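Sharing a structure here in structure tokens format.
The values are calculated or read from the model by the stated rules, or taken from the named source; none is laboratory data. No experiment lies behind these values; they were computed from the predicted model shown. Counting neighbours? That spans all protein chains shown, and the Cβs are built from the backbone with ideal geometry, glycine included. Calculation scope for accessible area: heavy atoms of the full protein, side chains included, ligands and nucleic acids excluded. Shrake-Rupley method; radii C 1.70, N 1.55, O 1.52, S 1.80 Å.
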Amino acid sequence: MNTLQKIAVWTAMLIGTFIFSDFLINVGLNSTYKDIERKDNNSQIVVYQADATYVNGRIRGVIKEVNKIKDKYLKIELYSKRDVLVGRRYIEIGKGSDIEAKSFELLFKANDVSYYKMGTANEKEPGDEVEIISKELTKPEIILTTAMMFLIFW
């Protein structure tokens, strides 16, 4: 086997390991999230993803007919299994916007969340708000970080 074939084999093994580890990371992270229940009847707020692990979670959705409730806040309250308020977060809906729908995303850190309630509020209430996770890593950021780790440990 000449040198070029050895390099090709090692490159194929490296790429295969990268793809396999990326797949396992995505499957592992997404399998730890469990759906959380919504306990309100607000049809103006449509949630298409609400799930949480034991320590963090994410809620994504769309607010319909934003022009009817402008200059308000979307209030999200997170509760544990025993009906204890774990945290609260306010998302500004928009000042004077004339759009029909607005999407929102909440990435939070709170322990043992099993359900949530959503509604609108005119102003923020004083008190503790849940800590927000800045954002989820995108696919290119994950790939770059994995490549950097390969270079460091190589």
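For the range 73-85, give me each residue that is crowded, with 19+ Cβ neighbours inside 10 Å and not aromatic (Phe, Trp, Tyr).
Result: Leu74, Ile76, Leu78.
Can Ala12 be described as aliphatic (A, V, I, L, M) and touching a strand residue (DSSP E or B) at 6+ places or on another chain (Cβ under 6 Å)?
Working: aliphatic (A, V, I, L, M): yes; touching a strand residue (DSSP E or B) at 6+ places or on another chain (Cβ under 6 Å): no.
Taking the combined requirement at face value, the residue does not satisfy it.
Sticking with this structure for a sec: Which of the residues that make up the range 1-60 are among the aromatic types (Phe, Trp, Tyr) and more than 30 Å from Leu78 (Cβ to Cβ)?
Filtering the range 1-60 for residues among the aromatic types (Phe, Trp, Tyr) gives 10, 18, 20, 23, 33, 48, 54.
The answer is Trp10, Phe18, Phe20, Phe23.
Just need a number here: residues in the range 100-154 that are part of a strand (DSSP E or B) and either farther than 27 Å from Ile25 by Cα or modelled with pLDDT of 80 or more (or both). Even if it seems obvious, please write down each step before you answer.
Looking only at the range 100-154, we keep the residues that are part of a strand (DSSP E or B), and these are 101-109, 115-121, 131-132.
Restricting the remaining residues to those that are either farther than 27 Å from Ile25 by Cα or modelled with pLDDT of 80 or more (or both) gives 101-109, 115-121.
Residues meeting the conditions: 16.
Evaluate the range 96-104: report whether one residue or more is open to solvent by 40 Å² or more (accessible area, probe 1.4 Å), farther than 18 Å from Asp35 by Cα and of a type in the set (Asp, Glu). Walk me through how you get there before you give the answer.
Filtering the range 96-104 down to residues open to solvent by 40 Å² or more (accessible area, probe 1.4 Å) leaves 96, 98-103.
Now restrict to residues that are farther than 18 Å from Asp35 by Cα: 96, 98-103.
When the remaining residues are screened for being of a type in the set (Asp, Glu), the result is 98, 100.
Yes, the range 96-104 has at least one match.
Another one. Looking at Gly57, Gly28 in this structure, which one is under 16 Å from the mean Cα position of the chain (by Cα) and assigned to a helix (DSSP H, G or I)?
Values: Gly57 fails: assigned to a helix (DSSP H, G or I).
Gly28 is the lone residue from the list that is under 16 Å from the mean Cα position of the chain (by Cα) and assigned to a helix (DSSP H, G or I).
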